[in-house]
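This is the structure, below, for whatever I ask next.
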Amino acid sequence: MHGLTAFLSIRPIVTTTILRLVWLGLLFRELESPSYFGMISLLNLTSPWVSWLVVPTGIFVVATIFVGPLLHLAVFRVALEIAWAVLLKNYKPPRPSSPFLHVAASLFWLRPTVTGRGLHYLWLTTVAAVVLGFGLVAHSYYSVYSEGYIHEPLWFLGPLFSFLRFLLALVIVRIVVEVARNILPRGSEPAKMPSPMNILLIGSGGREHALAWKLAQSPNIATLYAAPGNPGIADTAQIVPLDIDDHDAVAQFCREKAVRLVVVGPEAPLVAGLADALAAFGIPVFGPSAAAAQLEGSKGFTKDLCAEAGIPTAAYQRFSEADAAKAYAQARGAPIVIKADGLAAGKGVTVAANLDQALAAIDACFDGEFGKAGAEVVVEECLVGEEASFFALTDGTTIVPLATAQDHKAVGEGDTGPNTGGMGAYSPAPVMTPALVERTMETIIRPTVAAMRQRGTPFSGVLYAGLMITDSGPKLIEYNARFGDPEAQVLVMRLDSDLVELLFATATGRLAEIQPQRWSDNAALSVVMATSGYPGSYEKGSEIKGIDAAEAIGGVKVFQAGTALQNGLLVANVGRVLNVTATGPTIAEAQARAYKAVDVIDWPNGFCRRDIGWRALTAKI
């Protein structure tokens with residue numbers, strides 16, 4: 001009964017088994033079909049017309065015996081792979097444990113392996129075989145008729161029917177190839193950067209506005225699409241009404257618009273597997289797989305990785321029950337850090353100054369304040385030092401560090417009050433000296449990339465390490481699997497290299513081939529303007545004016561992070577709304593320009609910190 005239930009149920013393993021059995025049946029049918037051996041009779045040496053036909057007929061027979069079955073199998077294979085892709089969508093069966101089994105799986109067990117180039121060769125080979133086959137058939141009929149061996153008046157019907165048969169074969173193969181090009185993954189097709197190309201940017205925040213602004217400056221871009229976007233992004237990209245949670249819809253859009261690169265800005269789509277879904281169709285994606293994005297999606301995962309790879313970080317424990325977490329926190333004492341394990345939009349971390357705060361934070365996680373993100377909790381020691389942000393591009397093997405940056409997480413001046421998604425940032429970060437950058441690469445970044453590769457889940461994208469610079473050196477606070485926000489805003493303002501080239505090389509495993517990055521000597525500083533009440537409750541819909549006047553100030557760009565259009569008016573739509581960003585020869589001058597622009601913006605319901613960059617200015621570097 002269990003076997004019958006399994007057979008009747010709709011499960012990927014059942015469908016894969018059926019498709020593989022069909023493939024094996026077709027495979028053996030073609031290899032064992034006696035009809036091909038029967039065609040040897042055409043080479044009967046006693047035939048009176050052998051002198052005319054032995055050579056062309058011999059070529060035809062050999063081509064039919066060897067090429068014919070292979071072409072049949074290729075078409076059958078592609079057709080079954082289409083069925084696989086349609087019926088199973090993004091299902092991937094377990095990878096065989098040995099190289100031999102992997103080859104067997106690809107050849108005999110059926111799993112989508114077709115590439116765009118393979119389809120091209122299949123079509124060209126089919127056309128060549130049809131032309132050659134029909135030419136030889138027509139020549140054979142004409143030779144036999146001209147020598148008087150065929151006397152029927154309707155002898156031409158033979159070659160006519162052959163022609164129709166060959167034409168039908170061409171039509172069928174063409175249909176299969178066209179469907180396959182739109183449905184099947186393109187696998188490992190060599191990815192050379194097309195120029196110009198269409199790019200899709202995923203996201204709607206200030207980080208994505210900054211990326212869109214920089215991407216649009218590239219000579220390698222044809223059309224920049226953005227989903228869901230925001231009013232600021234709409235100035236440089238074509239906004240498309242895509243549901244980014246519908247991975248099939250995103251993939252279909254990319255195929256229809258010939259998108260050659262997808263840049264995923266926020267973390268949630270990465271953790272949800274958007275990069276995997278697009279990569280399955282051969283679409284280059286800047287951003288890690290779901291498995292690799294666990295570096296951000298699970299703080300416990302990252303801490304365990306650090307423990308395995310010897311990466312310096314805070315002492316910790318993971319808990320799935322509140323009582324055990326509270327007991328550990330009480331044993332460690334305060335100050336102590338409580339973290340919801342999953343994604344909590346930057347709000348799942350509490351730096352508890354006393355045990356009451358720690359216990360309350362643990363209760364908040366397990367009581368559902370952060371949803372599924374708080375189902376597990378990480379309790380760790382509170383590191384002491386100066387925070388810094390470190391960014392590096394990696395394609396899973398090559399690692400390219402970016403410029404340094406430093407952000408301000410706390411909502412209040414002097415880095416006081418609750419943590420936020422970030423209230424401002426600046427670049428470069430004086431605390432990140434060249435020696436400290438190299439030490440970070442050696443003790444944190446390189447071991448992480450190596451460990452992820454050894455696990456079979458290589459990380460490709462931008463690796464954003466939140467660091468604490470302690471007396472004993474840099475220690476990892478957490479990883480993010482995407483650009484920081486607002487750090488991305490100051491980085492793009494200083495980047496002189498082509499961002500499209502950098503992201504495409506990362507997405508296609510060619511990071512080792514690109515030229516060294518070029519960065520402006522100027523500093524950049526960004527001030528976040530937020531809605532009153534943030535990071536607590538706040539009202540939406542307050543009108544914002546004066547952005548154009550602010551951007552008229554030299555070196556200033558206002559990136560929109562949480563805006564919307566209502567009745568033609570620009571209004572605040574979330575907590576963090578604007579990133580007022582400026583450049584200058586020094587951090588002090590960039591700061592002065594940024595706050596001059598802030599004062600020009602007319603938004604009574606907004607507020608900001610007035611001390612962004614204070615650590616750098618105090619350091620006097």
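The values are calculated or read from the model by the stated rules, or taken from the named source; none is laboratory data. If you're wondering where the values come from, they're calculated on a predicted model, not measured in any experiment. Positions of Cβ are backbone-derived with ideal geometry, glycine not excepted, and every protein chain shown enters the neighbour counts. In case anyone asks, the SASA skips ligands and DNA or RNA and just uses the protein heavy atoms, side chains included. Shrake-Rupley method; radii C 1.70, N 1.55, O 1.52, S 1.80 Å.
Full extension from residue 167 to residue 471: what is 0.36 nm times the residue separation minus their Cα-Cα distance, to one decimal in nm?
Length difference between fully extended and current span is 101.7 nm.
Modelled label-to-label distance, residue 618 and residue 235, 7 Å Cα→beta-carbon offset: nm?
3.4
At a 10 angstrom cut-off on C-beta neighbours, averaged per residue, how do the peptides 199-207, 228-236 rank from highest to lowest?
Result, highest mean first: 199-207, 228-236.
Turning to a different aspect of this structure: Of 214/475; 303/372; 326/372, which sit over 24 Å apart, Cα to Cα?
Long pairs (Cα-Cα over 24 Å): 214/475.
Using the crude model of +1 on Lys and Arg Cβ and -1 on Asp and Glu Cβ, and no other charge, please compute the dipole size for the stretch 199-315 relative to its Cα centre, in debye to 20.
Value, rounded to 20: 360 debye.
Report ³J(HN,Hα) in whole Hz for each residue of the stretch 335-348, in order, from the Karplus equation J = 6.51 cos²θ - 1.76 cosθ + 1.60 where θ = phi - 60°; Gly and Pro get x.
Ordered by residue, 3J(HN,Hα) equals x, 8, 10, 10, 10, 5, 5, x, 6, 9, 6, x, 10, x Hz.
Roughly how many nanometres apart are two label points built 7 Å out from the Cα toward the Cβ at residue 255 and residue 602?
Going by the 7 Å Cα→Cβ label model, 5.0 nm.
Report the extension gain between residue 367 and residue 515 in nm, rounded to one decimal, defined as 0.36 nm multiplied by the number of residues separating them, less their alpha carbon distance.
Full-extension gain reported as 48.2 nm.
What is the percent carbon and sulfur in the accessible area of the stretch 326-430, measuring with a 1.4 Å probe over the protein chains and ignoring ligands?
Here carbon and sulfur together make up 52 percent of the probe-accessible area.
Output ³J(HN,Hα) for the stretch 376-387: one whole-Hz value per residue in order, computed from phi by the Karplus curve 6.51 cos²θ - 1.76 cosθ + 1.60 with θ = phi - 60°, and x for Gly and Pro.
Once rounded to whole Hz, the list reads 10, 10, 10, 10, 9, 5, 8, 6, 10, x, 10, 7.
Can you give me the solvent accessible area of residue 213 with a 1.4 Å probe, rounded to the nearest 10 Å²?
Taking all protein chains as shown, residue 213 has close to 60 Å².
Using a 1.4 angstrom probe with every protein chain in place, what is the largest-first accessible-area order of 537, 472, 427, 532?
Descending order: 537, 472, 532, 427.
Could you work out the local net charge near residue 563, counting Lys and Arg as +1, Asp and Glu as -1, over the other residues with Cβ closer than 13 Å to its Cβ?
Here the charged neighbours net out to 0.
Could you tell me what percent of the accessible area of the stretch 517-621 is made up of carbon and sulfur, with a 1.4 Å probe and every protein chain present?
48
Among 311-319, 289-297, how do they line up from the highest to the lowest mean number of other beta-carbon atoms within 10 Å?
289-297, 311-319
Cα centroid distance between the stretch 500-526 and the stretch 405-474, in Å?
Value for the Cα centre distance between the two parts: 18 Å.
Take residue 435 and residue 307, extend 7 Å from each Cα along the Cα→Cβ direction, and tell me the distance between the two endpoints in nm.
3.3
Keeping every protein chain present and rolling a 1.4 Å probe, give me the accessible area per residue for the stretch 326-475 in Å².
Per-residue accessible area for the stretch 326-475 comes out at 38 Å².
Also, I was wondering about something else. Between residue 217 and residue 397, what length in nm is gained on full extension when 0.36 nm per residue of separation is reduced by their alpha carbon distance?
62.0 nm
Give me the accessible area of residue 253, 1.4 Å probe, in Å² rounded to the nearest 10.
20
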